[in-house]
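Enquirer: Dropping the structure in here first, questions after.
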Amino acid sequence: MYLPLVVGVDGSESSLRAVDWAADEADLHEVPLLVLFGALWERYEGAALARELGGPSTEMNAEDILKAAARRARQRHPGLVVTTEAVLDEAEHALVCAGRNASMIIVGSRGRSGLADRLLGSVSRTVAAMSDCPVVVVRGNHDNRALGGRQDRIVVGVGDTSASVLRLAFTEARLRHVPLAAVRAWRCPAHETVDHPLLTGGPARLYEGCAAKELETALDDAPSDVAVRRHTVEGPARAVLPAASADAGLLVIGRRAHGRLGRVAHAVLHRSACPVVIVPERM
């Protein structure tokens, strides 16, 4: 039995783009898609959903939101199995609970408008921190497709990474038939700056060499059918990884602690130019 992908919707433009991405991903993996509406309120008023339903801006309910999202997913992939569910609960709790029986959760990065934008951003971060399964936060202004478009590679951040992070990155690259860029960030200690005239080339080569060895060790089990490009980049990972996302279709990183995001994941979720997958690492 294949576990479904779950996508959270609220009727906003961002959540409808997440539906597009989720439909592509579910089709790519050949698994069902569950469209989930979770909130302690039942009605919504706004233009994005009204356009999707082909009518004037008016008050909508959970059923309207779910119908519009499911129809959008089916139109994108007619053979896709799509189900819907409305849960009268906080959105983050509803999504985390659904993720216990899902292969992946997909959410948008922004909400409806104003304060709601920040609230849904909080939901995305909470779900990414709490979920038992990988969470995709659909960021960036590319073509919102899981497959195709200008982005011809996947990027994975390789730190003290567990096998689950790399395994997901390998799978996504294989399914898309694109190369995987494995990025390892490295830094000199503050008292050994790279640009010091007496130290240039010495410590820099040492630390970069250590990073390259660690990267090779992490990639020992890389599958032969995925083209892996190795990159060691000087700088903090929270800056290096968002920069690497500029021409990527997907950025994959790990999450160690349950219930909170580290500084790297927090920075990436705010600054990435492409969708981000947060993978819970198995300790």
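Every read-out reported here was derived from the displayed coordinates using simple, explicitly stated rules and does not represent laboratory data. In this text, all values refer to a predicted model and were calculated from it rather than measured experimentally. Reconstructed Cβ throughout: ideal geometry from the backbone, glycine too, with neighbour counts over all protein chains shown.
Enquirer: First check a/c for the stretch 232-283, with a ≥ b ≥ c the square roots of the eigenvalues of its C-alpha gyration tensor; if it is under 1.5, answer rounded, and if not, answer prolate when a/b is larger than b/c or oblate otherwise.
Expert: Prolate is the answer for the stretch 232-283, as a/c is 1.5 or above and a/b outweighs b/c.
Enquirer: What does the extension gain come out to for H231 and R282, with contour length at 0.36 nm per residue minus their alpha carbon separation?
Expert: 15.9 nm
Enquirer: So, one more: Once the other residues with Cβ under 15 Å from the Cβ of A227 are scored (Lys, Arg +1; Asp, Glu -1), what is the net sum?
Expert: It works out to a net charge of +2.
Enquirer: Work through the residues other than C97 whose Cβ is under 13 Å from its Cβ and net out their charges, Lys, Arg +1 and Asp, Glu -1.
Expert: -4
Enquirer: Something else about it: Can you list residues from other chains, or at least 5 along the same chain, whose modelled amide H is less than 5 Å from the amide H of W186?
Expert: So W186 has HN proximity to V233, E234, G235.
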